[in-house]
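Please read the structure below before turning to the comments.
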Amino acid sequence: MTWRGSTDAKDRIFASLPYLLPLIYGLPFGDYLFRQFPVLRLIYLPLQPLLALYYSIPFAGIVIFFILFLAVVRNERISHFIRFNTMQAILLDIFLLLCGLVLTYVVSPLRLELITQTLYNVVFLGMLAACFYAIVQSLLGRYAEIPTISEAVYAQVR
């Protein structure tokens, strides 16, 4: 199900900004890849000022989560396009949180280094692909359809 409507440049930019949260939260999943391919760190070079600010504020992630959820997603005066993309970014962030918990407390204690590294790499690359896809789609004024996540978003954002 896709919602059709016109989006202006301002809506497109504001709809793409929430995807910076999962990009930031997914950064630790890329540690193994960054050690093997240091040139990949260039992807995060434009985000360095934002990363410094994010990591300097205690509980920044949870504060940003609640601000986005309560002030944007639940505010029906904001366009559906922005609310949809914000909720989708929040769900990507929650997915990363759950992956982090499973990898830290279930997979890592098994001491299977190859499997652990592979799973971290898959999560990082999947998050990177999903975020870049969603950012590009948002900037083009299209709804980014990410399987399962978009369906959950449509159920939450009306």
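Calculated mean residue ellipticity, 222 nm, the chain: -18500 deg cm²/dmol, from DSSP H runs (n ≥ 4) at -39500 (n - 2.57) each, averaged per residue and rounded to 500.
The stretch between Leu114 and Asp31, if pulled fully straight at 0.36 nm per residue, gains 28.5 nm over its current Cα-Cα span. A straight chain from Leu140 to Arg41 at 0.36 nm per residue would run longer than the Cα-Cα distance by 33.0 nm.
For the chain, a simple Cβ point-charge model (Lys and Arg +1, Asp and Glu -1, everything else neutral) yields a dipole of about 220 debye relative to the Cα centre. For the pair Glu151 and Leu53, label points projected 7 Å from Cα toward Cβ lie 3.7 nm apart. Only one of the values [x] 1.02; [y] 0.95; [z] 0.99 was calculated from this structure for Rg/Rh (Cα atoms, Kirkwood Rh); name its label. Recomputing Rg/Rh (Cα atoms, Kirkwood Rh) here gives the entry labelled [z].
Packing, as the average of other Cβ atoms within 10 Å across residues, places the peptides 15-25, 29-39 in the order 15-25, 29-39, highest first. The gain in end-to-end length when the Glu76 to Val106 segment is fully stretched comes to 6.8 nm, 0.36 nm per residue minus the alpha carbon separation.
Any read-out appearing in this document is the output of simple, stated calculations on the displayed coordinates, not a laboratory observation. Since we're looking at a predicted model, the values are computed, not measured. Glycine gets a Cβ as well: all are built from the backbone with ideal geometry, and neighbour counts include every protein chain shown.
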